[in-house]
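Colleague: Let me begin by handing over the structure; questions about it come next.
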Amino acid sequence: MSSLRLPDGYFLIAVGKAAYAMTQGLLAAGSQPTGGIIIAPRKHNIFTSTTTFEEMIAAHPIPNNDSFRAGNSVLEKVRAKQTSDNFLVLISGGASALMSFPIDGISCETKRQVHESLISSGFQIGDINTVRRHISSIKGGAALREILHNDGNATTLALSDVPHDLPHDIGSGPFTADPTTFSDALAIASRIGNFPREALLFLEKGDAGVVRETLKPHDVPKGKSNFRVILGTTGASEKIAGIFRAEGAEAEISVFPHCTNPGQASDFFVETACKTHKPDIWIISVGEAEVSIKPGTHIGKGGRAATLLLETARKFHRQAIDFEICVLATDGSDGNSGLAGGFLSSEDMNSKTIGEIDAALKDFNSAGFLERIGRSFPGSPTGTNFGDAVIMRVRKP
C-alpha cells in the first residue's frame with residue numbers, strides 16, 4: 001500500500017476476512033490512523049501500533065449478534081461529527097455478514113433469516129447483494145450517506161471476491177453508491193420461497209416509494225468518495241498463473257462463470273478445458289459458485305470448493321477425459337469442513353469412486369469424501385479471500 005495517497009488524520013474501518021492483513025499492510029507502509037475499528041471472523045495478533053483499535057469478532061456467513069454490534073459500532077462512528085472528516089475503509093470478502101445492521105422496520109432475527117434464505121437460494125451473488133443492500137442500515141451506501149451528511153470524505157480500498165469487481169457488490173457496498181433499486185430487490189426476493197414475509201413487505205413499501213432508496217451515484221458529490229480495488233479475482237488468477245509460468249509451465253486465465261451453482265460452473269469448466277484451451281495447458285480461474293442447501297437439510301462435511309471439485313471431476317470422468325484439477329478455498333476455510341478444498345485426477349476415478357462421489361454430493365459431504373481418500377488440503381486461515389481458485393488441465397491422450 002506504500003504507493004497509495006491516503007487522507008490526513010483519517011479514521012480506519014477494516015472489515016472482512018482480510019481485515020487484519022490489510023491493516024498490517026497499511027501500518028507497514030508507515031501510515032497511522034487516528035483511530036479505528038477492525039471487524040473480522042477471528043482475532044489475529046499480527047501487528048503493533050501506536051493507534052488504539054476497537055477489535056470486533058463477528059460471524060460469517062450468517063450474521064449473529066456480534067455482527068449487529070459491529071455494524072452498529074460503525075454506524076455510531078460515521079454518524080459522529082467528532083470522529084473524523086476523513087475515513088479510510090479496508091474491505092474484503094465476508095464483510096456483508098461480519099458488519100450488519102437491519103434497517104428500521106426489519107428485526108435482527110428477520111435479518112438473519114434473510115441471509116439464510118439468500119445463501120441457500122442458489123441465486124447469483126449480485127442478486128443476493130441487491131436484496132441485502134435494501135434491508136440494511138449500513139449497506140447500499142448507507143454508511144457513506146452518514147459520512148456525507150457530516151461533509152466528510154471516504155476512501156475505500158477493496159480486495160474483491162465478486163465477479164467483475166463491482167464496488168456495490170463488494171461487502172454489499174456500504175461505502176459506495178448503489179445503482180440497483182427496491183424494484184430490483186423485490187423481483188429477486190419474490191422468487192425465493194422461504195424469504196421472510198416481514199422483509200418482503202418492507203421491500204414492497206420501498207418499491208412503492210414509502211421507504212427512501214439506497215444511495216445513488218448522483219447523490220455523491222465529486223471528490224467526496226474514492227473507491228479502488230487493489231486486487232480482485234482476475235488479479236488473483238494472474239498471480240497464480242505467474243507461479244506456474246515461473247516453473248516453465250503454460251498457464252492461461254479463464255473468467256469464472258457468472259452462474260448460480262457448482263453444477264453449472266462444472267459444465268462451464270469441462271467445456272472450457274476441452275474446447276477453448278489446448279491440452280496440457282493449466283487453466284486458472286478464481287471466483288465462487290453458491291451451494292444451495294434447503295433449511296433443515298442434514299449436511300455432512302462440505303463447502304463450495306469441494307463441491308465444485310467433485311462435480312467437475314465427475315463430468316470429466318463421464319466424458320472419458322484425462323484430467324487433473326484442484327479447487328482451493330483462498331481463505332483457507334471451505335464451508336463447514338475445516339479444510340481448504342482438494343484435488344483429483346483421472347487416476348482417482350473408477351466406478352466405485354463415482355458412486356461415492358454421487359453419494360457425497362447428495363449428502364453435502366464432498367469434503368468428507370476428499371478427506372477420507374487423502375485428496376484434501378488442510379484448512380488454515382490465510383487472512384484473505386478472493387473466492388475459490390480452480391486450477392486444472394486436460395492431459396494429452
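The values are calculated or read from the model by the stated rules, or taken from the named source; none is laboratory data. Since we're looking at a predicted model, the values are computed, not measured. All Cβ positions, even for glycine, are placed from backbone atoms using ideal geometry, and neighbour counts span all protein chains on display.
Colleague: What pairs come out if I take residues in segment 23-48 that are in a loop (DSSP other than H, G, I, E, B) and pair them with residues that are of a type in the set (S, T, N, Q) and at pLDDT below 85 whose C-beta lies under 6 Å away, six or more apart or interchain?
Modeller: Listed pairs, sorted by first residue: ALA29/SER2; GLN32/THR51; PRO33/THR51.
Colleague: Could you list, in sequence order, the residues of segment 110-143 that are of a type in the set (Asp, Glu) and either within 14 Å of the chain's Cα centre (by Cα) or at pLDDT 95 or above (or both)?
Modeller: If the condition is that a residue be of a type in the set (Asp, Glu) and either within 14 Å of the chain's Cα centre (by Cα) or at pLDDT 95 or above (or both), then ASP127 is the only one that fits.
Colleague: Same structure again: I need a count of the residues in segment 349-387 that are farther than 30 Å from MET22 by Cα, assigned to a loop (DSSP other than H, G, I, E, B) and touching a residue at least 60 places away in the same chain (Cβ under 8 Å).
Modeller: Matching residues across segment 349-387 total 3.
Colleague: I would also like to ask the following. Any residue at all in segment 240-248 that's surrounded by 15 or more Cβ atoms within 10 Å (Cβ to Cβ), of a type outside the set (A, V, I, L, M), out of contact with any Phe, Trp or Tyr (no Cβ under 9 Å at 6 or more places or on another chain) and part of a loop (DSSP other than H, G, I, E, B)? Don't jump to the end; show me each part of the working.
Modeller: Narrowing segment 240-248 to residues surrounded by 15 or more Cβ atoms within 10 Å (Cβ to Cβ): 240-241, 244.
Subsequent filtering for residues that are of a type outside the set (A, V, I, L, M) retains 244.
Cutting the leftovers down to out of contact with any Phe, Trp or Tyr (no Cβ under 9 Å at 6 or more places or on another chain) gives us none.
Checked segment 240-248: no residue is surrounded by 15 or more Cβ atoms within 10 Å (Cβ to Cβ), of a type outside the set (A, V, I, L, M), out of contact with any Phe, Trp or Tyr (no Cβ under 9 Å at 6 or more places or on another chain) and part of a loop (DSSP other than H, G, I, E, B).
Colleague: For segment 77-127, what are the residues that are more than 23 Å from ALA19 (Cα to Cα) and aliphatic (A, V, I, L, M)? Working first, answer last.
Modeller: Let us first name the residues in segment 77-127 that are more than 23 Å from ALA19 (Cα to Cα), namely 81-82, 103-111, 113-114, 116-118, 120-124, 127.
Listed by number, the residues that qualify are ILE103, ILE106, VAL114, LEU118.
Colleague: When you look at GLY342, is it assigned by TED's automatic domain parsing to the domain that holds THR307 and more than 25 Å from ASP280 (Cα to Cα), yes or no? Give the steps one after another, and end with the answer.
Modeller: Numbers: assigned by TED's automatic domain parsing to the domain that holds THR307: yes; more than 25 Å from ASP280 (Cα to Cα): no.
Answer is no for this residue.
Colleague: Out of the residues in segment 54-99 meeting the condition of being over 19 Å from the mean Cα position of the chain (by Cα) and modelled with pLDDT under 90, tell me which one is surrounded by the most Cβ atoms within 10 Å (Cβ to Cβ).
Modeller: SER84
Colleague: Still on this structure, I have one more. Within the bounds of segment 226-233, is there any residue that is surrounded by 15 or more Cβ atoms within 10 Å (Cβ to Cβ), at pLDDT 95 or above and in a loop (DSSP other than H, G, I, E, B)?
Modeller: No, segment 226-233 contains no residue that is surrounded by 15 or more Cβ atoms within 10 Å (Cβ to Cβ), at pLDDT 95 or above and in a loop (DSSP other than H, G, I, E, B).
Colleague: Give me the pairs: first residue in segment 57-71 and within 14 Å of ALA14 (Cα to Cα) and not assigned by TED's automatic domain parsing to the domain that holds SER333, second residue assigned to a helix (DSSP H, G or I) and of a type in the set (S, T, N, Q), beta-carbon distance under 8 Å, and six or more apart or on different chains, which are they?
Modeller: Sorted first by the residue in segment 57-71, then by its partner, the pairs are ALA58/SER67.
Colleague: Does segment 155-167 contain at least one residue that is crowded, with 19+ Cβ neighbours inside 10 Å and either over 22 Å from the mean Cα position of the chain (by Cα) or small (Gly, Ala, Ser) (or both)?
Modeller: Yes, there is a match, as at least one residue in segment 155-167 is crowded, with 19+ Cβ neighbours inside 10 Å and either over 22 Å from the mean Cα position of the chain (by Cα) or small (Gly, Ala, Ser) (or both).
Colleague: Within segment 180-188, can one find any residue that is free of Cβ contacts under 8 Å to residues at least 60 places away in the same chain, among the aliphatic types (A, V, I, L, M) and either crowded, with 24+ Cβ neighbours inside 10 Å or under 29 Å from ASP331 (Cα atoms) (or both)?
Modeller: Yes; the residues of segment 180-188 include at least one that is free of Cβ contacts under 8 Å to residues at least 60 places away in the same chain, among the aliphatic types (A, V, I, L, M) and either crowded, with 24+ Cβ neighbours inside 10 Å or under 29 Å from ASP331 (Cα atoms) (or both).
Colleague: Contact list please: Cβ distance under 8 Å, first residue in segment 76-93 and closer than 11 Å to GLY35 by Cα and outside the structural domain of GLU146 (by TED's automatic domain parsing), second residue loosely packed, with under 15 Cβ neighbours inside 10 Å and of a type in the set (A, V, I, L, M, F, W, C), pairs at least six apart or on different chains.
Modeller: none
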